[in-house]
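Student: Can you read through this structure? Questions will come right after.
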Amino acid sequence: MYRAALIGLGHMGRHHMRVLNEHPEYELCAVVDPQTQQLPPAVTAPLLADIRQLDLEALDVIVIAAPTASHLDVMRALSRFKGHVLIEKPVCETVAEGVALRELFDTDRLRVGHVERFNPVVVKLKEVLRAGHLGHVVHVAFTRVGGFPRSIQNSGSVIVDLAVHDIDLFNWAFGKPTLVGSAAHAHKPEKGHAPAVHTADILLKSGAGATASVHCSWITPTKMRGIRITGTNGTCFVDLIAQTCTVHTGGITAASQLPTVDEITFGQFVAYSSVHDTIEFGIVRTEPLVAQLNGFAQFLRGEPSPCATYDEAMLALRLAEEAMKKGDSLVDAAE
Ligand SMILES: NC(=O)c1ccc[n+]([C@@H]2O[C@H](COP(=O)([O-])OP(=O)(O)OC[C@H]3O[C@@H](n4cnc5c(N)ncnc54)[C@H](O)[C@@H]3O)[C@@H](O)[C@H]2O)c1
């Protein structure tokens, strides 16, 4: 059993606490949050108000789910810790903070919670890609909208908060990306605050030639998380919430009956090209956070693990920051 502490017991921390508490390979030994007064009765670990109260030598792992803006300070408080850390995404609020983190902690012992890698539909998508069902991938469209933070005004940027998930997925499944361009909307700031970017579109391209568009927004009232992958042989639709993965091919059946190009009439072309084969892949639905803890345990055992490394997380953060700096930004008028 890995002796674990959890830092931060807000929205995400409560999910981490539940899965740590139930996971057979971890023993939750302490929870730290300066705000929270009470743990659920099922959790018997002590609740501490300050990281300095942790007995670092008695711990194997620490999971950090404190606000992103505090990640560097939290890691500073853990610089004597000799175990392993799983820190929530994004690794830090800025690239400069991420670079400073490297000075404080051996990042070989750090993994970053890019949890979508563990979504069973993403695992299935990688199989679909490996099997060549889509042919050569041309474009990937990511949508990540809704689920806004309680205070958009003071929450920084949707690009750093949400788009990092998709930038990481594009890197992980389709090859190292570079930024092509971006455009964003921001709220008109309250006095003393920077404008908060709430909606953005980012265009990336991978070394293998695929392009990607990432549309992310905090203000869309409906929560949607999806990927559409266009390949030369078919299109794949992935719903990350419903955990479904469907491929529409260009019509394997119809293509086998297709006359040669010289003989085909326009009417025949329309008739054949409107025939599709649809494959709905079976998915064993699992909670990505539980799968991530399994992946973290693999990493702790020295086994190959899909957990995002510091360098991978920094790549996503770097591109997010670049998209913020280089993109066109439209500041919405105050309502
Ligand atoms: N992987 C995902 O899908 C996902 C989803 C949501 C949030 N997150 C990430 O999780 C982190 C937390 O986000 P959240 O939405 O849970 O925030 P939150 O504001 O709901 O909760 C943060 C908690 O941390 C506590 N805290 C603040 N400073 C602390 C400190 N120094 N030590 C210990 N606790 C401290 C706060 O009191 C609060 O209870 C962020 O990095 C965020 O990006 C990830």
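Student: Does residue 44 qualify as being farther than 20 Å from residue 292 by Cβ, within 11 Å of the ligand (Cβ to nearest atom) and at pLDDT below 95?
Tutor: no
Student: Now for a different question. What's the total number of residues in the range 7-28 that are in contact with a helix residue (DSSP H, G or I) (Cβ under 7 Å, 6 or more places away or on another chain) and over 22 Å from residue 286 (Cα atoms)?
Tutor: So the answer is 2.
Student: Now, a different point. Would you check if residue 143 is more than 13 Å from the ligand (Cβ to nearest atom), modelled with pLDDT of 95 or more and in the same structural domain as residue 187 (by TED's automatic domain parsing)?
Tutor: yes
Student: Then there's this: Only one of (1) out of contact with any Phe, Trp or Tyr (no Cβ under 9 Å at 6 or more places or on another chain); (2) part of a helix (DSSP H, G or I); (3) within 12 Å of the ligand (Cβ to nearest atom) is not met by residue 162, so which one is it?
Tutor: (1)
Student: All but one of (1) over 23 Å from residue 299 (Cβ atoms); (2) more than 14 Å from the ligand (Cβ to nearest atom) hold for residue 2, so report the exception by its number.
Tutor: Checking residue 2 against (1) over 23 Å from residue 299 (Cβ atoms); (2) more than 14 Å from the ligand (Cβ to nearest atom), the one that fails is (1).
Conditions (1) out of contact with any Asp or Glu (no Cβ under 7 Å at 6 or more places or on another chain); (2) within 18 Å of residue 237 (Cβ to Cβ); (3) assigned to a strand (DSSP E or B), marked per residue:
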site	(1), (2), (3)
129	yes, yes, no
134	yes, yes, no
142	no, yes, yes
166	yes, yes, no
170	yes, yes, no
181	yes, no, yes
194	yes, no, no
200	yes, no, yes
204	yes, no, yes
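Student: Can you tell me which of (1) more than 8 Å from the ligand (Cβ to nearest atom); (2) more than 23 Å from the chain's Cα centre (by Cα) is the one residue 36 doesn't meet?
Tutor: Just one mismatch for residue 36, condition (1).
Student: Could you give every pair whose Cβ atoms fall below 9 Å, whose first residue belongs to the range 114-125 and is closer than 9 Å to residue 169 by Cβ, and whose second residue is of a type in the set (Asp, Glu) and more than 10 Å from the ligand (Cβ to nearest atom), counting only separations of at least 6 or pairs across chains?
Tutor: 114/168; 114/312; 116/166; 116/168; 117/168
Student: Looking only at residues that are small (Gly, Ala, Ser) and buried (at least 16 other Cβ atoms within 10 Å of the Cβ) in the range 94-140, which one is nearest to the ligand (Cβ to nearest atom)?
Tutor: Filtering the range 94-140 for residues that are small (Gly, Ala, Ser) and buried (at least 16 other Cβ atoms within 10 Å of the Cβ), the one nearest to the ligand (Cβ to nearest atom) comes out as 113.
Student: Could you identify the single residue in 20, 6 that is within 24 Å of the chain's Cα centre (by Cα), assigned to a strand (DSSP E or B) and surrounded by 14 or more Cβ atoms within 10 Å (Cβ to Cβ)?
Tutor: Of the residues listed, the single one that is within 24 Å of the chain's Cα centre (by Cα), assigned to a strand (DSSP E or B) and surrounded by 14 or more Cβ atoms within 10 Å (Cβ to Cβ) is 6.
Student: Right, next: Please go through the range 131-147 and pick out each residue that is more than 19 Å from residue 171 (Cβ to Cβ) and within 15 Å of the chain's Cα centre (by Cα).
Tutor: Result: 145, 146, 147.
Student: Exactly one of (1) in a helix (DSSP H, G or I); (2) in contact (Cβ under 8 Å) with a residue 12 or more places away in the chain; (3) within 9 Å of the ligand (Cβ to nearest atom) is unmet by residue 73. Its number?
Tutor: The number of the failed condition is (2).
Student: From the set of residues in the range 171-205 that are at pLDDT 90 or above and charged (D, E, K, R), which is farthest from the chain's Cα centre (by Cα)?
Tutor: 205
The values are calculated or read from the model by the stated rules, or taken from the named source; none is laboratory data. This is a predicted model, so every value here is computed, not measured. In this analysis, Cβ positions are derived from the backbone assuming ideal geometry, glycine residues included, and neighbour counts consider all displayed protein chains.
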